[in-house]
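Heads up, the thing below is written out as structure tokens.
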Amino acid sequence: MRDMLLQNRKVALNERKVPLEHPQVSVVVPVYNGGDTIAACIDSILANTAVRVEVCVVDDGSTDGTAGICDHYAAQDGVCVVHQPNRGRSAARWAGVERCRGEWVTFVDADDTLPANALALLLAKASDDVDIVLGNGHLLTSDQRTLIPMPDFRHLAVRGDGTIGVPWGSLYRRSLLTPYVFDLPRDIFNGEDYIFWLRMVFATQKPVAIVRESVYIKGADHTSNSFVWTADYSYRLNELRKASIPEDCRQLFMADMLSDRITNLFAVAVSCRKNDWASSTFYNDILSDMKACGTGFTAKQSLFLHLPARWLRRLYSWGSDWIPKMK
């Protein structure tokens with residue numbers, strides 16, 4: 001296995017055709033116990049030979065041999081490896097940003113890969129006029145523009161449309177990635193990427209460039225698939241959301257916030273007993289804000305929420321396109 005990894009690295013080295021002294025794009029890869037996937041991930045990034053790319057891998061306290069695999073790549077110019085005690089994904093991403101040198105930064109999860117033209121497609125849309133290039137724009141079905149003014153984009157971001165709300169697959173100007181963007185409680189580890197986006201889009205006035213081609217290949221996503229949403233967790237996430245939106249304009253985004261909170265509510269309703277959420281602050285805050293906005297649940301949504309048993313809610317929600325799906 002190790003010989004094969006070394007051979008793949010040599011191939012990647014031989015295929016590179018550009019110098020790395022001044023990277024155009026820095027790719028930050030946080031990894032924890034990703035020994036089965038990290039080599040394929042790094043190799044896919046290095047295969048983007050049309051761009052001067054720097055790879056910064058942050059080994060977040062792995063215990064499965066990931067560190068040794070990363071160190072094999074660290075011998076290459078343009079690949080740096082940071083080893084740190086386990087501090088969580090947000091802290092690992094920030095550690096990578098601190099070390100990287102490129103003006104533009106993107107993130108790749110250790111169990112994912114990039115197409116060979118991904119970075120070139122993203123970089124082609126980067127300019128002095130933008131601070132963010134949103135990739136995988138084909139998933140952004142609500143707005144077909146290739147350049148979206150920031151006032152409009154903020155509404156999309158608060159709703160979490162398309163791939164807005166995940167850090168991977170997009171390009172960010174490094175100056176936008178401040179410590180504040182990554183400063184989240186360690187136990188907020190699902191939905192934290194949504195807060196990451198909100199803190200960025202309210203820190204710049206520049207429009208967002210959109211790449212319509214697919215620039216990212218998702219692998220297994222065990223965290224989001226197995227996460228159990230609770231009313232308490234969703235309430236804490238919403239408090240972080242509110243704090244990330246300037247107080248003087250929160251009312252402007254109330255309808256957008258409600259849309260995403262309802263998505264959270266449906267996830268809670270299929271994960272927990274009704275007694276655990278029906279009297280919660282999270283649920284009652286939603287009802288209060290809906291009343292203030294003059295809106296309400298649809299008849300189908302109300303029926304779903306009033307079903308007495310969790311298994312019935314799961315059955316009712318299965319395949320229902322009117323119930324928003326969690327990312």
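Quick check on segment 227-256: of everything there that is under 18 Å from residue 157 (Cβ atoms) and either among the β-branched types (Val, Ile, Thr) or under 18 Å from the mean Cα position of the chain (by Cα) (or both), which residue is surrounded by the fewest Cβ atoms within 10 Å (Cβ to Cβ)?
The extreme case among them is 240.
Within segment 106-134, track down each residue that is in contact with a strand residue (DSSP E or B) (Cβ under 8 Å, 6 or more places away or on another chain), small (Gly, Ala, Ser) and within 25 Å of residue 59 (Cβ to Cβ).
Residue satisfying the conditions is 110 alone.
Would you say residue 217 is surrounded by fewer than 17 Cβ atoms within 10 Å (Cβ to Cβ), at pLDDT 95 or above and under 20 Å from residue 114 (Cα atoms)?
Yes.
Can you give me the ranges of the helices (runs of 4 or more DSSP H) entirely in segment 115-202 with at least 1 residues that are at pLDDT 95 or above and either farther than 26 Å from residue 98 by Cβ or open to solvent by 30 Å² or more (accessible area, probe 1.4 Å) (or both)?
118-124, 150-159, 179-182
So residue 310 fits all but one of (1) surrounded by fewer than 17 Cβ atoms within 10 Å (Cβ to Cβ); (2) over 18 Å from residue 233 (Cβ atoms); (3) touching a residue at least 24 places away in the same chain (Cβ under 8 Å); what number is the exception?
(2)
Confirm whether residue 158 is among the β-branched types (Val, Ile, Thr), closer than 30 Å to residue 124 by Cα and within 12 Å of the chain's Cα centre (by Cα).
The answer is no for residue 158.
Among the candidates 212, 261, 241, 236, single out the residue that is of a type in the set (Lys, Arg) and in a loop (DSSP other than H, G, I, E, B).
The match here is 212.
Is it fair to say residue 273 is modelled with pLDDT under 95, surrounded by fewer than 20 Cβ atoms within 10 Å (Cβ to Cβ) and of a type in the set (Lys, Arg)?
yes
Here is a list: 302, 288. Which entry is part of a helix (DSSP H, G or I), open to solvent by less than 70 Å² (accessible area, probe 1.4 Å) and at pLDDT 95 or above?
Just one listed residue meets the conditions, 288.
Please state which one of 242, 274 is among the basic types (Lys, Arg) and more than 20 Å from residue 297 (Cα to Cα).
242
Give the residue that is farthest from residue 22 (Cα to Cα), with candidates limited to residues of segment 67-77 that are without any contact (Cβ under 8 Å) to a residue 40 or more places away in the chain and either open to solvent by less than 10 Å² (accessible area, probe 1.4 Å) or part of a loop (DSSP other than H, G, I, E, B) (or both).
70
The values are calculated or read from the model by the stated rules, or taken from the named source; none is laboratory data. The structure displayed is predicted, hence computed values, not measured ones. Every residue, glycine among them, receives a Cβ derived from its backbone with ideal geometry; neighbour counts consider all protein chains shown. Note: accessible area is taken over every heavy atom of the protein model, side chains too, but ligands, DNA and RNA are not part of it. Shrake-Rupley method; radii C 1.70, N 1.55, O 1.52, S 1.80 Å.
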